Structure formats: C-alpha cells, structure tokens
Amino acid sequence: MLAEHLSSFKMNNMLDFVFAVDDSVTWHMMNLLKNRGHYSFLKYFGPKQISTVQNHGAGIYYNTLVPCSGRTIKYGVISTEALIEDLLHWKALYIAGRLQKPVKILTQNENGRLQAALISNLKSAVTAAFLMLPESFSEEDLYVQIAGLSYSGDFRMIIGEDKAKVQNLVMPNVPHFQKLYSSILQDCPQVVYKHHLGKLEIDKSPEGQFTQLMALPRTLQQKITTLVDPPGKNRDVEEILLQVAHDPDCGLVVHQGISVIVSSSSLIQSAKTILTAGMKKSVTYSMKKIYKMSKGWLRKRS
C-alpha cells in the first residue's frame, strides 16, 4: 500500500493511498462487502465490471472523497502487474509518476520484480530529467524537473491545478527527494557533483545523450521515434535516437514524448472519474481542484 507524496500529510489535505493487489476482482469483491458506500453506481455491476473499468487508461480505479478517522481520503487500486508495467515502461506514466516523488510505503510484500521496477522507475526519471536540463544545474532544479515529468501534457495543469504545484511540492521536501535519489546520483557515471558550487554537471555530448536516450523506458523511446521519424521510413529505434542525440533540441523532443504519454493517460483517467466517483463527487472534487488553483493564482498576484 502506498501513500502519495509526503506533503499530502498536512492536516488540511486529502490523503491519497494506492493499493497494489495481485487479484483486482477478488479485492473489489471483498471491499464491496466491507465498504460498499465508497463506490459509485458501478457497485451495482459487480467486481468484474469494476475491474474492467479499472484496467482502462492508467490501470487504476479510484474511490474519492471517502471519510476516514476524521480525515478525507481517496484510494486507488491497481494490479501489481499493471504497476510493474508502468514503472518499467512508462506506458501511462501515471502511478510511475507519483512514485518518482517521495511517498510513504506503509506495507509491502516481498516481491523482487516490484522492488526492481521501483528502482528502475527512479533511474528512468533521473535520465529523462538529465536530457531536459542544461549542462550545469542545482540539485533543486533536478528535483523540480523530475517532479514535473508526470504533469507534462496533463490538461489539468491548464485548468484544475495550482500552477505552482510542482515547485510547492519540491521545495518543502528537498531532504525527502535527496533520500530517494542520492544513491542513484552517486552511482551515476554521467554526473559530477561540484559541492563547492552547489551544482551538478552532466555530459551533454551527443555520445552522452545517446547513452541516456537508450536507457529511457520503452514507451517513451517509441513516442520519440514517432515524433521524429516520418511515416514510411521505418528506421530502427537506435538510428532515430542517435539522430535525436545530435539535435540541439534533444531535451525538447524528450519533453514532447513524455507529454504525449501523459496527455493520453490523464484524459482517460479523468473521464473515468465520472464513472468511478459518480457525478456528485466528480463535481465536488473538481471544484476543490479549481479552488486550489485560484488560491495559487491569487498568491502569485499578491
């Protein structure tokens, strides 16, 4: 079971939990018996149909605005296989994106594949951020870039989210980001930490960028290939990524590839919210998001 980034534990924020389960149908069947009121009208269709809805888009089913011990929570359910797939390949970059930020893991079974996938996701986040950053940058710059990956292309950042969300997420949690990424940065041969300057430097040569591009998750490589390679040429991925590595706009191409992944999954997941939350909760949840966005806008104006 996973909780969202640590800043969510402020008393006025809704807590966000994620449950990775091996058998979604059985899990929903048991949860319907215990917590039927958490579900929308989909509860009348049974656990199999709920699991079918879950498998669309980002592969997660959310129950939201649930009262629990004096707090309001939302919780998502995702199959362990779908979670591992997203962590390794960024098929949706939805839960993978959340797990690139500091979270509190409450319980975890001994699953070697899942543990390896969690680490792989963090390494991929660092690699993608390197490609989009300049040659020299601060540690905070790196974490802001990483935290922003899963918001690239998300239409909710245009309406419904506080525009300073990424910055507000990172700055109070820099020590937590350091704990999450320090060992990966220490073991990375392509980065040099100049402590006296408080800066990190990376290899921005075509050779260095090609190495990083080849280490990106499979889905992102495919999206970059589609963006760069005109239809009909059918060049292999390695040849196209070599071309991108020599492009001065390499970082922009990577960002566009990530945006394509995120925009698709965020749209489908938001459409699912109407089904999984029901109309009343969907409107309430959306109004809360817009209120938070307007507060951020007013802070910026003042």
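The values are calculated or read from the model by the stated rules, or taken from the named source; none is laboratory data. Keep in mind that what you see is a predicted model, and the values were worked out from it rather than measured. Heads up, the Cβs are rebuilt from the backbone with ideal geometry, glycines too, and the neighbour counts pull from every protein chain shown.
Worth pointing out:
- Listed by first and then second residue, the pairs with beta-carbon distance under 7 Å, at least 6 apart or on different chains, first residue in segment 18-33 and closer than 8 Å to Val77 by Cβ, second part of a helix (DSSP H, G or I) and of a type in the set (Phe, Trp, Tyr), are Val21/Trp27.
- Any hit, segment 54-63, residues being touching a Lys or Arg at 6+ places or on another chain (Cβ under 9 Å), surrounded by fewer than 17 Cβ atoms within 10 Å (Cβ to Cβ) and either closer than 28 Å to Leu220 by Cβ or among the hydrophobic types (A, V, I, L, M, F, W, C) (or both): yes
- Residue list for segment 15-31, restricted to those being touching a Ser or Thr at 6+ places or on another chain (Cβ under 7 Å) and in a strand (DSSP E or B): Leu15, Asp16, Ala20, Val21
- Tabulated pairs, segment 41-52, first over 14 Å from Thr26 (Cβ atoms), second of a type in the set (Lys, Arg) and loosely packed, with under 14 Cβ neighbours inside 10 Å, C-beta under 6 angstrom, 6+ apart or interchain: Lys43/Arg36
- Members of segment 74-115 found to be assigned to a strand (DSSP E or B), surrounded by 19 or more Cβ atoms within 10 Å (Cβ to Cβ) and of a type in the set (A, V, I, L, M), listed by number: Val77, Ile78
- Positions within segment 70-86 being more than 20 Å from Ile50 (Cα to Cα) and among the hydroxyl-bearing types (Ser, Thr, Tyr), in sequence order: Thr72
So that you can scan it fast, the table gives a plain yes or no per residue for (1) in a strand (DSSP E or B); (2) more than 22 Å from Met14 (Cα to Cα); (3) at pLDDT 95 or above:
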{"site": "Asn35", "(1), (2), (3)": "no, no, yes"}
{"site": "Leu42", "(1), (2), (3)": "no, yes, no"}
{"site": "Lys48", "(1), (2), (3)": "no, yes, yes"}
{"site": "Ser51", "(1), (2), (3)": "no, yes, yes"}
{"site": "Gly57", "(1), (2), (3)": "no, yes, no"}
{"site": "Asn63", "(1), (2), (3)": "yes, no, no"}
{"site": "Val66", "(1), (2), (3)": "yes, no, no"}
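- Verdict on Asn13 being modelled with pLDDT under 95 and surrounded by fewer than 17 Cβ atoms within 10 Å (Cβ to Cβ): yes
- Verdict on Pro206 being over 26 Å from His246 (Cα atoms) and either surrounded by fewer than 17 Cβ atoms within 10 Å (Cβ to Cβ) or touching a residue at least 60 places away in the same chain (Cβ under 8 Å) (or both): no
- Among the conditions (1) in contact with a helix residue (DSSP H, G or I) (Cβ under 6 Å, 6 or more places away or on another chain); (2) at pLDDT 95 or above; (3) surrounded by 20 or more Cβ atoms within 10 Å (Cβ to Cβ); (4) part of a helix (DSSP H, G or I), the only one that Ser124 does not satisfy is (1).
- Answer from Val166, Val174 - the residue that is in contact with an Asp or Glu (Cβ under 7 Å, 6 or more places away or on another chain) and either part of a loop (DSSP other than H, G, I, E, B) or among the β-branched types (Val, Ile, Thr) (or both): Val174
- Single match in Leu185, Leu216, Leu241, Leu180 (criterion: closer than 20 Å to Lys123 by Cβ, outside any helix (DSSP H, G or I) and under 25 Å from the mean Cα position of the chain (by Cα)): Leu216
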